[in-house]
Amino acid sequence: MRMSIGVDLHKTQFTVCMLSEDRKIEIFKEYPTKEEGYEAFIKKIDSMVEEGYEVSAAVESTGNTRYFMNRVVKAGVLVKVVNTLKFKVVNESVKKTDRHDARTLAEFLEKDMLPESQLCSQESEDIRRVIKSRAVLVRAVVSLKNQVHALLLSYGVESKRGQLQSKKDRQRILSGLEDHKVYGSAAKAIKPLLDTINEVHAEVKKLEKVLEELVKDDEVVELLKTIPGVGPITASTIRAFTDDIDRFESAKKYAAYTGLVPWVQNSNESIHHGKITKRGPVELRTAFVQVVLGMVRAQKKTHAYRIMSKYGRMKSQKGSGKAIVATARKMSTIVYTMLKNKEPFDELKMAFTKEYMDMQAAALGAALAEDKPA
C-alpha cells in the first residue's frame, strides 16, 4: 500500500501530511529544519517502510529543497519536487496554511497529478552559487562608487563614472584630494570607501578564479564563448541557469523559460500581447541582455549580422530598451540551436546571404526605375 507524504518546507521548519492510499491514516506533524528534525522525520519514514508501506514524498521547490531532497532520498524515498507556479491548486489557494498545503500535495501525489519540477545538476548548482555571490559583491562595489561620487559632488568636485574603474584611478583621485589645500577633509571621508572598494573588488576577482576553475574544459561554456562579445561570466551564467538544454522541447519553450517572451491573452476572437513575462531565472534573462550588449560593443565584427541590422532599425523606431529585449529573445533561440546541436556560433549564418542581397538590389532597382521620369 502507498503512503504519500506532502511537505510544506520553510527555513525554520517543515510541515508534513502523511496520507495512506485507503485514507485510513492521515497524520500531520511539524519538524524543525535541523539535524534532529530530519533524523526524526527519516525515523518515521523507516517505521512506515517496516510496516510495508511504499513511501513517496512531494515537496515545493524552494531554496533548501535540494538539501531536504538529498537527506530524504538517502532513506530510500522517492521525492517529487513541485513547481508551485505550475501547480495553481497550492499557488492560488484561498486557504494558505502549512497543513492545508501539505495535505494538498499529499493528495495530488497519491493521484499522480502533480506537475514535476526538475532540480538542476549539482555542477550547475555550484556555478550558480558562485555567480550569485559575485553579483552581491558587484552590487556592493557599484553602491560604494555611487557614494564616492555623491561625496565628491557635495564638496563641489565633479567626477565621471569611469574615473573609479581601476585601483590606480581611485588612488589618483585620493592623492589629488589629500594634496589639495581645500579638499583635505574630503579625502578623509572618501578614503574608507575607496579602501572598501579595493577589498571587495579583490574578493570579486577571487570568485572569478573559482568560477574559472569550475567551468574549465566545460563544453557548453566554450561553445557560448564563440559568440562575439560573450565573456566567461556571461557564458557561465547561461550554462548554469540553462543546465540541460534537452529539458526544453523547442526554442520557443526555452525562450519562454528565460522570461523574454511577451504575455499573450487569447480569448475568442481577441488576442492581446503584453510585456515580457519575466518568468524564469532573472540571472539568465540578464545574461541574454548582456549577450546583446556585448555584440553591440563588438560592432566591428557584428555590424554585418542580420540580427544587429534588425536591432538598429528597432532601436530607431521603438527605443533601445525594446530593441535589446527583442534581440535577446532572438539570441535565446540561437543559443538553443547551438547547444542542441553542439555547434559553435556560425558567423556565416548571421550575415546577409547572397540571395538576400540580390533581392534587395532588385527591389532597389525597381524603385529607382519607378521614380525615373518618362
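Below, the figures for the structure above:
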{"read-out": "Selection within the range 132-141 - farther than 15 Å from residue 199 by Cβ, surrounded by fewer than 15 Cβ atoms within 10 Å (Cβ to Cβ) and aliphatic (A, V, I, L, M)", "value": "none"}
{"read-out": "Residue count, the range 142-184 (criterion: of a type in the set (A, V, I, L, M), open to solvent by less than 30 Å² (accessible area, probe 1.4 Å) and free of Cβ contacts under 8 Å to residues at least 24 places away in the same chain)", "value": "2"}
{"read-out": "The range 2-29, subset exposed (fewer than 15 other Cβ atoms within 10 Å of the Cβ) and acidic (Asp, Glu), residue farthest from the chain's Cα centre (by Cα)", "value": "22"}
{"read-out": "All strands (runs of 3 or more DSSP E) inside the range 1-62 with 1 or more residues being among the aromatic types (Phe, Trp, Tyr), closer than 26 Å to residue 118 by Cα and without any contact (Cβ under 8 Å) to a residue 24 or more places away in the chain", "value": "26-32"}
{"read-out": "Some residue of the range 242-253 being on the phi > 0 side of the Ramachandran plot and buried (at least 18 other Cβ atoms within 10 Å of the Cβ)", "value": "yes"}
{"read-out": "Residue, farthest from the chain's Cα centre (by Cα), within the range 185-197, restricted to residues that are of a type outside the set (Ser, Thr, Tyr) and open to solvent by 20 Å² or more (accessible area, probe 1.4 Å)", "value": "188"}
{"read-out": "Answer residue from the range 96-114, given it is open to solvent by 30 Å² or more (accessible area, probe 1.4 Å), touching a helix residue (DSSP H, G or I) at 6+ places or on another chain (Cβ under 9 Å) and at pLDDT below 85 and is nearest to residue 6 (Cα to Cα) among those", "value": "113"}
{"read-out": "Among the candidates 200, 221, residue that is open to solvent by less than 30 Å² (accessible area, probe 1.4 Å), touching a residue at least 24 places away in the same chain (Cβ under 8 Å) and assigned to a helix (DSSP H, G or I)", "value": "200"}
{"read-out": "So residue 211, is it open to solvent by less than 40 Å² (accessible area, probe 1.4 Å), in a helix (DSSP H, G or I) and modelled with pLDDT under 90", "value": "no"}
{"read-out": "Helices (runs of 4 or more DSSP H) within the range 227-338 that include 1 or more residues touching a residue at least 24 places away in the same chain (Cβ under 8 Å) and among the acidic types (Asp, Glu)", "value": "282-297"}
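The values are calculated or read from the model by the stated rules, or taken from the named source; none is laboratory data. Predicted model, so just to flag it, every value in this text is computed and none were measured. In this analysis, Cβ positions are derived from the backbone assuming ideal geometry, glycine residues included, and neighbour counts consider all displayed protein chains. What goes into the accessible areas is simple: the full protein's heavy atoms, side chains included, and nothing from ligands, DNA or RNA. Shrake-Rupley method; radii C 1.70, N 1.55, O 1.52, S 1.80 Å.
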